[in-house]
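Since the structure comes first, as structure tokens, the remarks are kept for the end.
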Amino acid sequence: MRFREVSGASAKPGTIEVHIIRPGRGSSGYYFEETLKKAAESGVYPKGMLMHWDHPTRQQEEDQPARVTGTIAAVLAEQGHYLEDGDPAAWDGPGVYALAEVRPKFTEDLKWMAGKIGVSHYVDGLSKEGEGPDGKSGRIITELLPSPFNSVDFVTIPGAGGHSRFNEAAERVKKEAEMAPDKQLSIRLSEIMTSDPEVVKEIRKQVAEELQIESQSEAQKQKVTEAETRIKTLETENKDLKAKIAEKAAREYVTEEIGKTNLPESARKTLTESLIKQAVLAEDGSIDAVKFGLIISEAIKAKQTEIADILKESGISGVHDNGSAPSGNQVEAKKAREDYRDTLIENGMTKEIANRLAGIEVA
């Protein structure tokens with residue numbers, strides 16, 4: 001937490017010894033000795049680490065997270081190391097120590113301020129809530145993390161835990177699992193943008209390419225959806241067309257078969273419409289002549305029997321089994337129908353029924 005100019009023949013001009021942090025409670029929480037030892041060993045305080053003239057303000061943290069060169073007052077000349085007994089002269093006890101080279105323009109200021117100001121680290125870390133060995137509740141600093149944004153700064157009143165940036169970083173990492181992915185990405189990119197802009201450039205290029213691919217993919221999905229809709233429409237139209245073709249073929253087939261009989265016209269129409277609905281199709285959509293022909297044949301026989309039974313029940317003689325009425329060989333069709341109708345009426349059949357049955361074609 002303090003610094004002093006290094007003396008001796010081997011010391012370089014402007015070299016100071018810095019006591020960066022000691023174990024115990026600081027402004028950010030309680031630091032255990034093992035935590036500080038691990039931090040020193042893992043390079044949290046590397047050689048070349050910048051020492052700025054005071055910590056940045058909140059606004060400066062947001063505007064320029066990498067800081068500015070004008071505030072650089074010194075750099076660590078070696079990696080920070082932990083001394084259990086502190087300096088040989090025991091000037092400040094155990095903690096993390098390092099030598100630093102002061103920027104010439106700040107040399108005189110630091111000489112004058114020696115003993116009046118101190119240093120404070122400005123680092124990322126992890127913490128948890130708990131009670132320290134001193135009996136006080138609060139943050140327990142569990143780990144300090146290396147980062148290009150870390151620094152050891154000259155401050156008016158040092159705190160063992162450094163600046164509030166540590167507090168924010170500790171809470172951020174502690175709650176990292178609860179944070180939104182885009183926030184974590186923002187933190188990582190902020191560090192990369194400062195340390196390696198070429199990496200950022202490459203990332204942006206890859207993201208642009210991925211977005212373009214996604215855009216193309218969405219367009220392709222739309223085309224596939226439209227194609228699927230069109231296919232379904234065509235399948236429905238094809239199904240309807242096949243049904244119409246099958247109905248036409250069935251009608252022609254039934255009409256041809258019924259045309260070979262002597263059934264009355266009205267019976268033909270009724271039977272035709274009924275049989276069309278019973279059409280049997282082959283796998284290719286054509287009429288299954290064998291199966292459908294059998295159905296037609298059975299239906300015609302049934303209708304002929306039905307008509308013959310009606311005529312017999314009415315007391316009409318000379319009626320054929322196929323339901324047709326007798327006629328002379330050379331009698332015209334009209335005269336034959338009229339005679340047949342009159343015969344039916346004379347045998348007690350109503351005029352309406354006689355007219356209907358007389359519709360039978362007579363050879």
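The values are calculated or read from the model by the stated rules, or taken from the named source; none is laboratory data. What you are looking at is a predicted structure, and each value in this text was computed from that prediction instead of being measured. Every residue, glycine as well, gets a Cβ built from its backbone with ideal geometry; the counts of neighbours run over all protein chains shown.
Which one is surrounded by the fewest Cβ atoms within 10 Å (Cβ to Cβ) among residues in the stretch 133-145 that are over 38 Å from the mean Cα position of the chain (by Cα) and under 19 Å from Tyr82 (Cβ atoms)?
Only one residue tops the list, namely Pro133.
Among the residues of the stretch 230-266 satisfying the criterion of being β-branched (Val, Ile, Thr) and either in contact with a Leu (Cβ under 7 Å, 6 or more places away or on another chain) or not in a helix (DSSP H, G or I) (or both), which is nearest to Ile287 (Cα to Cα)?
Restricting to residues being β-branched (Val, Ile, Thr) and either in contact with a Leu (Cβ under 7 Å, 6 or more places away or on another chain) or not in a helix (DSSP H, G or I) (or both), the top hit is Val254.
Is it true that some residue in the stretch 2-10 is at pLDDT below 90, touching a Lys or Arg at 6+ places or on another chain (Cβ under 9 Å) and under 14 Å from Tyr122 (Cα atoms)?
No, that holds for no residue.
Give Asp54, Asp85, Asp124, Asp63 a once-over and let me know the one that is over 16 Å from His19 (Cβ atoms), over 47 Å from the mean Cα position of the chain (by Cα) and assigned by TED's automatic domain parsing to the domain that holds His19.
On inspection, the qualifying residue turns out to be Asp54.
Within the stretch 279-296, can you find the residues that are in contact with a helix residue (DSSP H, G or I) (Cβ under 9 Å, 6 or more places away or on another chain), of a type outside the set (A, V, I, L, M), more than 10 Å from Val254 (Cα to Cα) and part of a helix (DSSP H, G or I)?
Of everything in the stretch 279-296, nothing turns out to be in contact with a helix residue (DSSP H, G or I) (Cβ under 9 Å, 6 or more places away or on another chain), of a type outside the set (A, V, I, L, M), more than 10 Å from Val254 (Cα to Cα) and part of a helix (DSSP H, G or I).
Can Gly93 be described as out of contact with any strand residue (DSSP E or B) (no Cβ under 6 Å at 6 or more places or on another chain) and assigned by TED's automatic domain parsing to the domain that holds Gly138?
For Gly93, the condition - out of contact with any strand residue (DSSP E or B) (no Cβ under 6 Å at 6 or more places or on another chain) and assigned by TED's automatic domain parsing to the domain that holds Gly138 - is met.
Scan the stretch 228-256 and report the pairs whose first residue is small (Gly, Ala, Ser) and whose second residue is part of a helix (DSSP H, G or I), with Cβ atoms within less than 9 Å and a gap of 6+ or a chain change.
Within 9 Å, the pairs are Ala250/Leu275; Ala250/Ile276; Ala250/Phe292.
So, in the stretch 150-179, how many residues would count as being modelled with pLDDT under 85 and under 43 Å from the mean Cα position of the chain (by Cα)?
Looking only at that region, the number is 17.
I'm trying to understand the selection: among the residues of the stretch 122-138, which are touching a residue at least 60 places away in the same chain (Cβ under 8 Å) and not in a strand (DSSP E or B)?
Val123, Gly132, Pro133, Asp134, Lys136
Can you spot a residue in the stretch 289-299 that is closer than 30 Å to Ile345 by Cα and not aromatic (Phe, Trp, Tyr)?
Looking through the stretch 289-299, at least one residue is closer than 30 Å to Ile345 by Cα and not aromatic (Phe, Trp, Tyr).
Would you mind finding the one in Lys232, Lys244 that is over 23 Å from Lys291 (Cα atoms) and either modelled with pLDDT of 85 or more or more than 20 Å from the chain's Cα centre (by Cα) (or both)?
Residue meeting the stated conditions: Lys232.
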